[in-house]
Amino acid sequence: MDILKELDVIEKDGLAALAAAEDEDALAAWRTAHLGRKSGLMAAFDGMKDLSKEERPQVGRRANEVKQALEGALEKKLVAVRQATLEASLAGEHLDVSLPGRALPLGRLHPVNQTLRRIYAIFAEMGFQVYRSREVESDDYNFTFLNIPAHHPARDMWDTFHTDREGVILRTHTSPGQIHAMREYCPENIRVILPGMVYRYEQVTTRSEMQFNQVEGLAVGPNITFGDLKGTLTDFARRLFNPDVRTRFRASHFPFTEPSAEMDVECFVCMGDGCSVCKGTGWLEILGSGMVHPTVLRYGGYDPEKVSGFAFGMGPERITMLLHRITDIRHFWRNDVRFLEQF
Ligand code: FA5
């Protein structure tokens, strides 16, 4: 029967052509030519309608056999071609697709920002709100309203960066924020902390930077005493460091507070033996504080006969040094990931 011979040829030619196809494009073209609608095989199926009743089952069986043989061979060849393509690309491109990807390093908060957040949380528990105030200040807010008139020697201690505009400077401390807060809230009672960056014309050493953070605190209201100041700050140190931390208040002088005191915390770097961080004293000063000076209350709009207040200003970098036993404040600005990754 001619048609059976024809099917033999279709199978033989199809398998031979398949052996010559080397990539997926060639295999797609082969599928169209040998299994597609216009292929010889499909023509054989179509021609079955003209066959006699006796011939039809035999031819039909054989045509299906050829179809399965061609489809099976195509499937095998497809797997082989894909494998060969992968191997060629592995050998040629030196790309190992089975290698796990490189994980992107996760960022994290700067250690000083971590300390700032702890400070905010502790004061929030004591009822202090965060009050933000500007870094670029006027001479009046940075000095005059804080009872440091022009030509006062204290201006030397807090010398800063000046701008081209007369009287416009970078603040040397967060204390100008006290005046902003008082002028906004007067005559109400106040309990705020004022965090932010400050700038100083200062020799940079292991414990002093020319740009650093401060957190100011201010409480204003009737009958606020130095006892409130001491209790608040001692409690703060216990919550921040540990319940048994040793602190001390030293009498000091700030033009904007009277009386004034500085608070020291035992130096955790040397545990009191004396080191460069604590200047050999065993104590590290973390803040200045005092009762708000009557002149400052007046500049803020309050009557010092009716209200009193306390204020403090602390250095979160120094506190972070204590918390983590960091021996050089300059690490904070160096941007060295080997340092930053440790926190
Ligand atoms: C002040 O800046 C006062 N405004 C603080 C104050 C506020 C007193 C309210 C009374 C009432 P002082 O210059 O000492 O004070 O700085 C306060 C704290 O900032 C210091 O205790 C220290 O922790 C930190 N600090 C000061 N100078 C530097 C510096 N160069 N680098 C890093 N931290 C510093």
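The values are calculated or read from the model by the stated rules, or taken from the named source; none is laboratory data. Quick caveat, the model's predicted, so the values are computed rather than measured. Here Cβ is always computed from backbone atoms with ideal geometry, including for glycine, and neighbour counts include all displayed protein chains. Protein only, heavy atoms only, side chains kept; ligands, DNA and RNA dropped before computing areas. Shrake-Rupley method; radii C 1.70, N 1.55, O 1.52, S 1.80 Å.
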Original post:
Using the Cβ atoms and a cut-off under 10 Å, what net charge is assigned to the surroundings of V277, where Lys and Arg are +1 and Asp and Glu are -1?
Top reply: +3
Subject >> Environment charge of D139, counting only residues whose C-beta is closer than 10 Å and scoring Lys/Arg +1, Asp/Glu -1 >> reply: -2
**OP:** Give me the distance between the Cα centres of the stretch 190-256 and the stretch 294-343, rounded to whole Å.
**Re:** 6
Subject >> Rounded to 10°, Cα long-axis angle of helix 24-35 versus longest principal axis of the chain >> reply: 40
Original post:
Tell me which aspartates and glutamates have Cα within less than 17 Å of K53's Cα, excluding those fewer than 8 residues away on the same chain?
Top reply: D2
**OP:** List, in order, the whole-Hz ³J(HN,Hα) value for each residue of the stretch 208-219 obtained from phi through the Karplus relation with A = 6.51, B = -1.76, C = 1.60 and θ = phi - 60°; use x for Gly and Pro.
**Re:** 10, 10, 9, 9, 7, 8, 9, 10, 8, x, 8, 10
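Please compute the length gained on full extension between S252 and R102, using 0.36 nm multiplied by the number of residues separating them and subtracting their Cα-Cα distance. Could the numbers behind the result be given before it?
Details: separation 150, 0.36 × 150 = 54.00 nm, distance 5.50 nm.
Result for the pair: 48.5 nm of gain on full extension.
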Subject >> Cβ-Cβ FRET estimate between D23 and L51, R0 fixed at 41 Å, reported to 0.05 >> reply: 0.60
Original post:
List the trypsin sites (Lys or Arg not before Pro) in the stretch 48-119 that DSSP assigns to loop (not H, G, I, E or B) and whose Cβ has at most 12 other Cβ atoms within 10 Å. Which are they?
Top reply: K53, R102, R108
Subject >> Cα convex hull of the stretch 45-136 - mean projected area over all directions, nm² >> reply: 18.8
Original post:
How far apart, in nm, are two points set 7 Å out from the Cα along the Cα-to-Cβ line at L90 and at R61?
Top reply: 4.5
Original post:
Considering amide H positions built from the backbone, and no H for Pro or chain starts, which residues 5 or more places from L287, or on another chain, come under 5 Å of its amide H?
Top reply: M263
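Please go through the stretch 230-260 and write out the trypsin sites (Lys or Arg not before Pro) that DSSP classes as loop and that have at most 13 other C-beta atoms within 10 Å.
Those satisfying the criteria are R246.
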Original post:
Once the Cα atoms of helix 55-93 and of the chain are each reduced to a long axis, what angle between those two axes, in degrees from 0 to 90 to the nearest 10, is obtained?
Top reply: 40
Original post:
Given the options N113, N242, N147, which has the most mean-square fluctuation in a GNM of the chain, springs set between C-alpha atoms less than 10 angstrom apart?
Top reply: N242
**OP:** Using a 10 angstrom cutoff on alpha carbons, build the Gaussian network for the chain and name the most mobile of H151, H293, H180.
**Re:** H151
**OP:** Spit out the partnerless Cys residues in the chain, using Cβ distances under 4.7 Å as the pairing rule.
**Re:** C186
Subject >> Largest-first ordering by accessible area, 1.4 Å probe, given options M210, M197, M314 >> reply: M210, M197, M314
**OP:** Would you mind computing Rg(Cα) / (2.2 N^0.38 Å) for the chain, counting N as its residues?
**Re:** 2.05
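How much length, in nm to one decimal, is gained on full extension between D228 and E184, taken as 0.36 nm per residue of separation minus their Cα-Cα distance?
Values: separation 44, 0.36 × 44 = 15.84 nm, distance 2.32 nm.
Between D228 and E184, full extension yields 13.5 nm more.
By the scheme Lys and Arg +1, Asp and Glu -1, what is the net charge of all other residues having a beta-carbon under 13 Å from that of F161?
Once all neighbours under 13 Å are counted, the net charge is -3.
For the chain, with every protein chain kept in place, what is the accessible area per residue (1.4 Å probe, Å²)?
55
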**OP:** Distance between Cα centroids, the stretch 8-25 to the stretch 72-145: provide it in whole Å.
**Re:** 53
Original post:
Anyone know which of S52, S89, S289 comes out most mobile in the 10 Å Cα GNM of the chain?
Top reply: S52
